[in-house]
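In what follows, a single structure is set out as structure tokens and then discussed.
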Amino acid sequence: MDTLEIMKKRHSVRQYMNRAVELSRREEINSLIKDVNVESKLSIQAFYDEPKCFDSFMAHYGKFENVKNYIAIVGNKNDQEKAGYYGEKIVLKCQELGLNTCWVAMTHGKSKAEIKKGQKLLIIISLGYGETQGVPHKSKSTSELGRADQSTEWFERGMEAVSLAPTAVNQQKFFFELKNGNVTAKSLGGFYSQIDLGIVKYHFEAVTGHEVK
């Protein structure tokens, strides 16, 4: 399955089955996290069979049920965009492995992540086998999300990928531009907008192979 198809199938899931993530899948996820941490200098940590983080008032308020696995993204306060970029790489790998995920900013309890001096917990990703596969989010049109000074198939494909990306409260507050062969993306503000910017940049680059500045 190509990357764009994986993106089309991936939706946020908050309710999970009582089914453990198999060792083979854990090993694939952990291997990717190890590589990502080396490349990004983040401290991404996966926890399995650990229900306490989502056994809290905030998690129930966020309608999370039976979350026993999660990925904690730890870094310094300026690593938000990086957290979104590399976190989404892991999210799409989980989807490829048949697992479901949800980006979680506030509606969780205390994680077991190791946080060193100068670091903070940037965001969490819930993980497991969903009760459902989730539903597609409403999206702005690609013309509302970006523009180009020339018509190219790869930019249009990249913008389709961008429109599929998860963002905080589905705000999609970003804008892409293709000008003189270069692609740029900027945040338009909003909650967790730098994490969102990292997520959408990863979607564009993973599908097109073109760098976003």
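Could you give every pair whose Cβ atoms fall below 7 Å, whose first residue belongs to the range 186-213 and is under 13 Å from Leu122 (Cβ atoms), and whose second residue is of a type in the set (A, V, I, L, M, F, W, C), counting only separations of at least 6 or pairs across chains? Close Cβ pairs satisfying both conditions: Tyr192/Ala105; Tyr192/Ala168; Ile195/Ala83; Ile195/Ile123; Asp196/Ala168; Asp196/Phe174; Gly198/Ala83; Ile199/Ala165. Scanning the range 126-166 for residues being charged (D, E, K, R) and under 27 Å from Gln45 (Cα atoms) gives a total of 1.
You will find that of Thr208, Thr152, Thr184, Thr167, the residue that is of a type in the set (Ser, Thr, Tyr) and within 23 Å of Met106 (Cβ to Cβ) is Thr167 and no other.
Total residues in the range 134-177 satisfying the condition of being among the β-branched types (Val, Ile, Thr) and either under 17 Å from Lys201 (Cβ atoms) or touching a helix residue (DSSP H, G or I) at 6+ places or on another chain (Cβ under 7 Å) (or both): the figure is 3. Condition check for Val104 on (1) buried (at least 21 other Cβ atoms within 10 Å of the Cβ); (2) aliphatic (A, V, I, L, M); (3) farther than 30 Å from Ala20 by Cβ: one failure, at (3). Scanning the range 1-41 for residues that are in contact (Cβ under 8 Å) with a residue 24 or more places away in the chain, under 23 Å from Pro51 (Cβ atoms) and part of a loop (DSSP other than H, G, I, E, B) turns up His11, Val13, Arg14, Met17, Asn18, Arg19, Ala20, Val21.
A residue that is within 20 Å of Glu205 (Cα to Cα), surrounded by 21 or more Cβ atoms within 10 Å (Cβ to Cβ) and either in the same structural domain as Lys201 (by TED's automatic domain parsing) or at pLDDT 95 or above (or both) occurs somewhere in the range 37-47. Among the residues of the range 79-124, those identified as outside any loop (DSSP other than H, G, I, E, B) and either of a type in the set (Gly, Ala, Ser) or outside the structural domain of Leu32 (by TED's automatic domain parsing) (or both) are Ala83, Gly84, Gly87.
Condition (residue is among the aliphatic types (A, V, I, L, M), in contact with a Phe, Trp or Tyr (Cβ under 7 Å, 6 or more places away or on another chain) and modelled with pLDDT of 95 or more) applied to the range 185-196: is it met by at least one residue? Scanning the range 185-196 turns up at least one residue that is among the aliphatic types (A, V, I, L, M), in contact with a Phe, Trp or Tyr (Cβ under 7 Å, 6 or more places away or on another chain) and modelled with pLDDT of 95 or more.
The single condition among (1) within 20 Å of Tyr192 (Cα to Cα); (2) surrounded by 13 or more Cβ atoms within 10 Å (Cβ to Cβ); (3) out of contact with any strand residue (DSSP E or B) (no Cβ under 9 Å at 6 or more places or on another chain) that Ser56 does not meet is (1).
The values are calculated or read from the model by the stated rules, or taken from the named source; none is laboratory data. On a predicted model such as this, the values are computed, not experimentally measured, just so you know. Cβ: placed from backbone, ideal geometry, glycine included. Neighbour counts: every protein chain shown.
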